[in-house]
Amino acid sequence: MKKIIILLAVVTAFTACKSGSKKKGAAEKSAKSEISLSAAGSTFAGPFYKTAFKKYFDQTGVQTSYGLTGSGAGIRSLKDRVVDFCGSDAFLSDAEAAKMPAPVVHVATCSGAVDIAFNVPGIESVKLDPEVLADIFLGKITKWNDAKLKAINPGVKFPDMAISVVHRSDGSGTTFIFSDYMSKISKEWKDNVGVGKSLNWPTGMGAKGNPGVAGTISSTVGAIGYIGSDYAFAQKISFALLKNAAGNYVAPTIAAVSAAGNGDMPADTRIMETNSTAPDAYPISGFTWIILYKEQAYNGRSLAQAEATLKLIDWMLDPAAQAIGKELKYAPLPEKVVQIDKAILRTVTYNGKPILK
Amino acid sequence: MNSDKITKYFLFAGSLLILVVAGGMVFSLVGGAIPAFHKFGWHFIVSSDWNPTEGRENYGALPFIAGTLITSVLALLISIPMAFSTSLFVAEYFRKTPVASVLSSLVDLLAGIPSIVYGLWGFYTLRPFIMHLGLSPQGFGVFTSGIILAIMIIPYATSLSNEIITMVPNELKEAAYSLGATRLEVIFNVIVPNARSGIVASYILAFGRALGETMAVTMLIGNDNKIPHSLFDTGNTMASVIANQFGEADGLKLSSLIAIGLLLFIITALVNTAGKFIIKRLS
């Protein structure tokens, strides 16, 4: 018996030593390494953020990990204060902002198009007007050879094929932009479905994240759904031309998104730009935001951490960073929005003192 | 102190810890689910409306309860013929031959495949096949999930019933043969009655496993929050809706998801209790 006790004691002592030395090692390591930032949220802006953050790391050595969790989960993570900032394509309403533990600010980082992507073999391009679009997503048009679709697409040979609507299964800013537009063009949508990051869908099936919806569309013949432009582009999925408020059929190009984003911008950047009246505007366009706390001194965050956060976001507004977005089919911010963003960033404080000069 | 006592205390502490953890889980599930039940009452279980839109929030768990039960029952129905024939093959017809041991280890291997791999296979192989057959335009849905679940639970259904069937005393079988019984008669009049409770137990175990399966089902069921109208319709299950929506949920929605978790816990507990009851009655 004594032997066992001695053995136990030795083992405990040994593990204690070992864990002690490990902790020491970890402490040394963190003191040496660069500051690293963590963020999560929007999959819509994901390709832009991932690429831009990597470039920023190459330039400055500041590592930023960005979790593609969807805007809803990103906001949740910010609320729980487990990330430095979150990405969202839906701004917080006043009610939602009031539920956050502290005041937050929104910084618009770019704007993008939500493509209506589809998979019908042999058909590269389809025109959709608001009525047909609403009817498809409300489950009223269920076949690709529906008379209404044929009427606005003369010359396109539609097959007798069921339409499979694909939407998001998680809380999503892309859904928010899409449903915001749908509510503007369809009273029935507004009354029965509404606007939100997750919805009570009248029809269709759900997939997780923009990558999930894109993958489901490209692997399902007859599918239609909404995804961020870059996903349609990267996976070579066909997209529809949409009839905008001015009556023109427009493709989701960078120019068409910029045209939609040239309207008035409020001082807090919280605005939806769907269904723009500009003649060349793509109707389902939206800004995407980085959301962070106005007071950065919380949960024992260091000043250096706060500074690194602000510098990164400030850099995202630089022409160099905006150019990365452009390569990935996001529209760069108009100069006036950049100025508004910069003004907002200067209001962010650490212990009451502005961080950026 | 002697080693007997130390061992006893050690074991006692270990089993107590499990009790505490299980109790804690129930406690936090119930605590988290209270706001949802307080708000919706019984309607939470019988309502099929799941509306997370701000200002119209209304949560009912019926579509998910239905989805879970339908896919699991379907999985069990599909797996039973395969599992039963595998058991007979391994434990009776080809008992103790190399063929049987290869087959039984292959079946056991199925249990070791991670759920996500089943999901991938279902997504890229089974789903196009179902679309090709024209059973469903997009290939997602209850039927696809049921097939994948059936394959996933076969090892759980077979491993125990193999053992039980092997354990049926040889004397009984030999006696039946000496009376002129055919192999089929021996199987259905000697083996099955003797092994009945064990076989039922293993199928219930498999059913319980199907109830809680998440990843593969999420990838294949279509995540459509309504009660499926047919076998080829899309739907959603309790585990799958939690996996999809817990990330961004807070307030009433989070409470509703926890309440679904609690219901899943209760259903699984009921199934296990029912299983034990059946075993007791049959043995």
Completion exercise
Condition set assigned to a loop (DSSP other than H, G, I, E, B) and out of contact with any Phe, Trp or Tyr (no Cβ under 8 Å at 6 or more places or on another chain), scope the stretch A:134-145, selection nearest to the other protein chains (Cβ to nearest Cβ): answer is A:142
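A quick yes/no check of all residues on (1) within 30 Å of residue A:164 (Cβ to Cβ); (2) surrounded by 16 or more Cβ atoms within 10 Å (Cβ to Cβ); (3) assigned by TED's automatic domain parsing to the domain that holds residue B:222:
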residue	(1), (2), (3)
B:91	no, yes, yes
B:95	no, no, yes
B:121	yes, yes, yes
B:141	yes, yes, yes
Exercise for the section: Kindly indicate which of B:13, B:100, B:22, B:36 is surrounded by 16 or more Cβ atoms within 10 Å (Cβ to Cβ), outside the structural domain of residue B:170 (by TED's automatic domain parsing) and at pLDDT 90 or above. Expected result: B:36
Problem - For residue A:200: the one exception among (1) within 13 Å of chain B (Cβ to nearest Cβ); (2) surrounded by 20 or more Cβ atoms within 10 Å (Cβ to Cβ); (3) of a type in the set (S, T, N, Q); (4) in contact with a Lys or Arg (Cβ under 8 Å, 6 or more places away or on another chain) - result: (2)
Exercise for the section: Looking only at the stretch B:24-41, decide whether some residue is without any contact (Cβ under 8 Å) to a residue 24 or more places away in the chain and within 14 Å of chain A (Cβ to nearest Cβ). Expected result: no
Practice task
Out of the residues in the stretch B:42-68 that are among the aliphatic types (A, V, I, L, M), outside any loop (DSSP other than H, G, I, E, B) and in contact (Cβ under 8 Å) with a residue 24 or more places away in the chain, state the one that is nearest to the other protein chains (Cβ to nearest Cβ).
Solution key: B:62
Practice task
Kindly indicate which of B:150, B:181 is without any contact (Cβ under 8 Å) to a residue 12 or more places away in the chain, away from every other protein chain (no Cβ under 14 Å) and either surrounded by 24 or more Cβ atoms within 10 Å (Cβ to Cβ) or part of a loop (DSSP other than H, G, I, E, B) (or both).
Solution key: B:181
Exercise for the section: Please indicate, with yes or no, whether at least one residue in the stretch A:133-149 is out of contact with any helix residue (DSSP H, G or I) (no Cβ under 9 Å at 6 or more places or on another chain) and of a type in the set (S, T, N, Q). Expected result: yes
Exercise for the section: Within the stretch A:210-229, work out how many residues are small (Gly, Ala, Ser) and away from chain B (no Cβ under 14 Å). Expected result: 2
Practice task
Examine the stretch A:148-167 for a residue that is more than 26 Å from residue A:247 (Cβ to Cβ), of a type in the set (Asp, Glu), free of Cβ contacts under 8 Å to residues at least 40 places away in the same chain and in a loop (DSSP other than H, G, I, E, B), and state whether such a residue exists.
Solution key: yes
Handout entry: Residue ID - farthest from the other protein chains (Cβ to nearest Cβ), chosen from residues in the stretch A:168-196 that are closer than 24 Å to residue A:75 by Cα and charged (D, E, K, R)
Key = A:180
Practice task
Determine whether residue B:200 is away from chain A (no Cβ under 14 Å), more than 20 Å from the chain's Cα centre (by Cα) and of a type in the set (A, V, I, L, M).
Solution key: no
Handout entry: Residue in the stretch A:235-245 that is of a type in the set (A, V, I, L, M, F, W, C) and within 24 Å of residue A:341 (Cα to Cα) present
Key = no
Handout entry: Test: residue A:264 is assigned by TED's automatic domain parsing to the domain that holds residue A:162, of a type in the set (Asp, Glu) and either at pLDDT 95 or above or buried (at least 21 other Cβ atoms within 10 Å of the Cβ) (or both)
Key = no
Exercise for the section: Counting only residues that are away from chain B (no Cβ under 12 Å) and without any contact (Cβ under 8 Å) to a residue 24 or more places away in the chain, give me the helices (runs of 4 or more DSSP H) lying completely in the stretch A:42-129 with at least 1 of them. Expected result: A:46-60, A:94-99
Problem - Filter result for the condition that a residue is over 16 Å from the mean Cα position of the chain (by Cα), not charged (D, E, K, R) and not in a helix (DSSP H, G or I), over B:227, B:278, B:260, B:191 - result: B:227
Exercise for the section: Specify which of the listed residues (A:251, A:232, A:207, A:246) is buried (at least 24 other Cβ atoms within 10 Å of the Cβ), more than 10 Å from chain B (Cβ to nearest Cβ), aliphatic (A, V, I, L, M) and in contact (Cβ under 8 Å) with a residue 24 or more places away in the chain. Expected result: A:232
Problem - Residue check for residue B:236: touching a strand residue (DSSP E or B) at 6+ places or on another chain (Cβ under 7 Å) and under 25 Å from residue B:34 (Cα atoms) - result: no
Handout entry: Lone unmet requirement of (1) away from chain A (no Cβ under 14 Å); (2) of a type outside the set (Lys, Arg); (3) touching a residue at least 24 places away in the same chain (Cβ under 8 Å) for residue B:215
Key = (1)
Exercise for the section: Working only within the stretch A:303-351, note down all residues that are out of contact with any Cys (no Cβ under 8 Å at 6 or more places or on another chain), in contact (Cβ under 8 Å) with a residue 40 or more places away in the chain and in a loop (DSSP other than H, G, I, E, B). Expected result: A:317, A:328, A:329, A:334, A:347, A:348, A:351
Exercise for the section: Determine if the stretch A:155-162 includes at least one residue that is more than 7 Å from chain B (Cβ to nearest Cβ), hydrophobic (A, V, I, L, M, F, W, C) and buried (at least 23 other Cβ atoms within 10 Å of the Cβ). Expected result: no
Handout entry: Qualifying position, being buried (at least 24 other Cβ atoms within 10 Å of the Cβ) and not charged (D, E, K, R), among A:149, A:133
Key = A:133
Exercise for the section: Return only the number of the condition from (1) surrounded by 14 or more Cβ atoms within 10 Å (Cβ to Cβ); (2) out of contact with any Pro (no Cβ under 7 Å at 6 or more places or on another chain); (3) of a type outside the set (Ser, Thr, Tyr) that residue B:170 does not satisfy. Expected result: (1)
Completion exercise
Going through the stretch B:238-282 in order, the residues found to be closer than 15 Å to residue B:69 by Cβ and within 12 Å of chain A (Cβ to nearest Cβ) are B:240, B:241
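The values are calculated or read from the model by the stated rules, or taken from the named source; none is laboratory data. Quick caveat: nothing in here was measured; it's all calculated off a predicted structure. Neighbour counts are summed over all protein chains in view; Cβ atoms, including those assigned to glycine, are modelled from backbone coordinates with ideal geometry.
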